[in-house]
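See structure below.
Any read-out appearing in this document is the output of simple, stated calculations on the displayed coordinates, not a laboratory observation. This structure is a prediction, so every number in the text was calculated from the model and none was measured. Virtual Cβ from ideal backbone geometry, glycine too; neighbours counted across all protein chains shown.
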Amino acid sequence: MPPKGVCAVCLSPAEQKCSGCQEVHYCTKEHQKQHWKDHKGQCSPLRVKEDPKFGRYLEATREIRAGDIVMKEKPLITGPAQISPPVCLGCYKLLEGGKVVSCEKCGWPFCSEACTLREEHAPECYYTQQRGEKVSISTFGVPHPNYQSITVLRCLYQRDHDEKLWAKLQALESHCDDRRGTEKWNHDRKMVAEFIWKFFKLEGKFSEEEIMKCCGILQINGHEVPLMEPEYVAVFDRISMAEHGCRANCNKSFTSDGQIVLCAGVNIPVGSHVSVCYTDPMWGTEARRHHLADSKFFECSCERCADATEFGTNYSAVKCKKKDCRGYLLPETFIVPILHKTKNPDPETRNLDNKFWICSSCKDAVSDAIIQRLLQDIGKELSAMPKEDPDACERFIAHCSTYLHPLHYYMTDVSLALAQMIGQDSDMGLAGVSNDRLLLKTQLCRKIADLIETLAPAETRLRGSLLFELHAAIAETGRRRSLTEGPLALLGHVTESRKILLESASLLRHEPPELPEGRLAQQARVNLVQMDDLIRSLSNSLPAPM
């Protein structure tokens, strides 16, 4: 990229900037148009900045609207997950015994001859040939140890074959100092580093430091790509600079060809940091913070973690058990030092500074130990609950409502499962469920969709899917009411249902057809056409106003 203040085409002094990225300068509009073909693949409303606290991060160079694609990027490296059954090393399709094609040069199994020629396969093919003995895979459908090192090996290969790509990988965070000596470090050293040295006969070729740094780069920066079953792993360059937020302003998805797509979940003002959620935003605060400390090696202090009520939702709150009190218990703060479990496994040492949960009404204080035992017992009950059983879900909600806030993460988890389940447990779909269950589905979908908008507005896949369920429930309610109240009742419900479906389709519009949400988006578009036809038909059948 030419220096700032210099035209990207003729290198003469220039003051005009690209309106998208604000990074590239032009002396005239003609030169900007001329350069667009080369620039459009790199143009983004983001710039990379750096400071001591955040390191490298992404900043919005202009106002970004909710739903806008902020960035689309090809992966630097892809490969199978560390724990993986035999998969095609070209497209990552799950392999079946008797249905594989072996690479003529190295013996690794593939789904097709074409996949053996893909560029991604070059590293393991090269080192297997150097090894002097072809690979032979005979067991399929279960995790295979030979695949644990493949993606790390692909990173290491770049050191001697692609200097620029190697430099980009090495610039990514690996947290080697934090990882050293942990259970995961010791496992990776044995199952990855030693395997690379012994199986591929590369001892002396790659040092322990190089191998373990690549392991860390994959652990910290790897994205699970859900386009295939099982998921494969990809590492990206610029998107790795998006910082974490438990109430992030962006979400990530993927294109059918494996590019990552960063999409704005809310309006992002110019100058704002761009964030994604590195953990599950539907977990409670303690679970999110512990997961981030264990897997990403930092302790989150984002605006959501800093607010014990989680924006007034009481998402982690427990009911006060004092007689006649209707308050809820929460700690003053969840932001206390987290002791790394693998280095200090003693559970008695957790949350030393967070001993009491205080009632919002009567101010009674309950020890953290008592609260944790209650939550562990409820967690065990949830684990033992029969899956795909709506009645069991309703019993869990009724029982735990005496202990937990109605929006508590355990209650929300089961309510979400129940909302999605109602209608799927009947051969007739929603037409086969009772009026009470239909009403319950409608209420749960509304409540959880609103909760997601407050807690995690960038979680568009989940919210879009819930709104699709809600539109169907409202349309079915209208159909039933029309049987007794006439077509006007149906028209009102169908109109409301269409509005909700339109929002669902908008939230899911960037999802690929390989994902369930992408298929819902396709169905939503079909349903919208049908609903428009129905609304026109119903409107035409109504008597003209007097």
* Asked: When the Kirkwood radius is taken over all Cα pairs of the stretch 77-235, what Stokes-Einstein diffusion coefficient follows at 37 °C and 0.692 mPa s, in µm²/s?
  -> 207 µm²/s
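Which value in Å is the Kirkwood Rh of the chain over different Cα pairs?
Across the chain, the inverse of the average 1/r is 26.8 Å.
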* Asked: If you find the alpha carbon centre of the stretch 369-433 and of the stretch 453-480, how far apart are they in angstrom?
  -> 19 Å
* Asked: Which log10 I(q)/I(0) values, to two decimals, does the stretch 488-546 give at q = 0.25, 0.29 Å⁻¹ under the Debye formula with one point per Cα?
  -> -0.94, -1.10
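List the chymotrypsin sites (Phe, Trp or Tyr not before Pro) within the stretch 2-102 that DSSP assigns to loop and that have no more than 15 neighbouring Cβ atoms inside 10 Å. List each step's numbers first, then the result.
Numbers: sites: Y26, W36, F54, Y57, Y92; in loops: F54, Y92.
When the chymotrypsin sites (Phe, Trp or Tyr not before Pro) of the stretch 2-102 are filtered for loop state and at most 15 Cβ neighbours within 10 Å, F54 remain.
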* Structure fact -> Rounded to 0.05, the calculated FRET efficiency for the beta carbons of A171 and Q129 at R₀ = 45 Å is 0.90
* To do: Mind checking the stretch 34-91 for trypsin sites (Lys or Arg not before Pro) that DSSP puts in a loop (not H, G, I, E or B) and that have at most 15 other Cβ atoms within 10 Å?
  => K40, K53, R62, R65
* Just for the Cα atoms in the stretch 450-534, what are the lengths along the principal axes, largest first, rounded to whole Å? -> 39, 27, 15
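Enumerate by residue number the trypsin sites (Lys or Arg not before Pro) in the stretch 369-442 meeting two conditions: DSSP loop (anything except H, G, I, E, B), and at most 11 other Cβ atoms within 10 Å of the site's Cβ. Could you put the intermediate results ahead of the total?
Values: sites: R373, K380, K387, R395, R437, K441; in loops: K387.
Of the trypsin sites (Lys or Arg not before Pro), the ones in loops of the stretch 369-442 whose Cβ has at most 11 other Cβ atoms within 10 Å are K387.
Can you give the Rg/Rh ratio of the stretch 174-265, where Rg is from the C-alpha atoms and Rh is the Kirkwood radius? All intermediate terms of the calculation are to be shown ahead of the outcome.
Working: Rg = 16.0 Å, Rh = 15.2 Å.
Result: Rg/Rh = 1.05.
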* **Signed unit charges on C-beta, dipole axis of the chain, positive-most listed residue I211, V192, S253** => S253
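According to the Cα gyration tensor, what semi-axes, each the square root of 5 times an eigenvalue, does the equivalent ellipsoid of the stretch 290-340 have, listed from largest to smallest in whole Å?
Values: eigenvalues 143, 28, 13 Å².
So the three semi-axes of the stretch 290-340 are 27, 12, 8 Å.
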* Structure fact -> Computed over the stretch 77-235, the relative contact order (Cα-Cα under 8 Å, seq sep at least six) in percent reads 28 percent
* Report the far tail of the P(r) of the stretch 245-302, meaning the percent of Cα-Cα pairs longer than 13 Å. => 65 percent
* State the Cα centre-to-centre distance between the stretch 205-267 and the stretch 53-121 in whole Å. => 11 Å
* Over all alpha-carbon pairs in the stretch 11-78, figure out the percentage whose distance exceeds 21 Å. => 38 percent
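Return a whole-number percent for the relative contact order of the chain, with Cα pairs under 8 Å and 6 or more residues apart as the contact set.
On the way: 893 pairs, mean separation 60.1, N = 546.
The normalised contact order for the chain reaches 11 percent.
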